[in-house]
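The values are calculated or read from the model by the stated rules, or taken from the named source; none is laboratory data. Computed from a prediction, not measured in an experiment: that's the story for all the values here. Reconstructed Cβ throughout: ideal geometry from the backbone, glycine too, with neighbour counts over all protein chains shown.
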């Protein structure tokens, strides 16, 4: 069984990865980012399942996977208004390239396409 200390490190690692992906979005680097968020969603699901089925506690709270309309949260992570606009731009990019909302894409019901440079996969 996983120890509380290992679980804490696992959650901390997830949070670090989440901040990294947000940093990519904040810089406007959207290429294949939705795929990375899909992988992160799987990790988030494992964390939640471990918490629900074991004695493990959230001494470190995992960041929520949704960041829509979360200016105070994004600001608390160190993003300025320009970066926040780029993060929200990523949500628009997902809608444009995937044809559905970010949350629908990472839900994992259908595969997502790796969109590059603002175009759906396979476009040029």
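What to note about this one:
- Filter pass, residue 64 being surrounded by fewer than 12 Cβ atoms within 10 Å (Cβ to Cβ) and within 21 Å of residue 98 (Cβ to Cβ): yes
- Any hit, segment 32-45, residues being in contact with a strand residue (DSSP E or B) (Cβ under 8 Å, 6 or more places away or on another chain) and more than 25 Å from residue 4 (Cβ to Cβ): yes
- Taken over segment 57-108, residues that are under 14 Å from the mean Cα position of the chain (by Cα), within 30 Å of residue 3 (Cα to Cα) and not in a loop (DSSP other than H, G, I, E, B) amount to 2.
- Only residues that are out of contact with any helix residue (DSSP H, G or I) (no Cβ under 6 Å at 6 or more places or on another chain) and surrounded by 17 or more Cβ atoms within 10 Å (Cβ to Cβ) were counted across segment 90-107, and they come to 2.
- Taking each residue of segment 94-122 that is on the phi > 0 side of the Ramachandran plot and looking for partners that are assigned to a loop (DSSP other than H, G, I, E, B) and at pLDDT below 90 with beta-carbon atoms closer than 7 Å, six or more apart or interchain, yields 117/31.
- Single residue of segment 1-39 satisfying the filter (touching a residue at least 12 places away in the same chain (Cβ under 8 Å) and assigned to a loop (DSSP other than H, G, I, E, B)) that is surrounded by the most Cβ atoms within 10 Å (Cβ to Cβ): 30
- In summary, residue 80 fulfils each of the numbered conditions (1) over 22 Å from residue 105 (Cβ atoms); (2) buried (at least 18 other Cβ atoms within 10 Å of the Cβ) with the single exception of condition (2).
- Residue match in segment 41-59 (condition: closer than 20 Å to residue 93 by Cβ and either touching a helix residue (DSSP H, G or I) at 6+ places or on another chain (Cβ under 9 Å) or surrounded by 18 or more Cβ atoms within 10 Å (Cβ to Cβ) (or both)): yes
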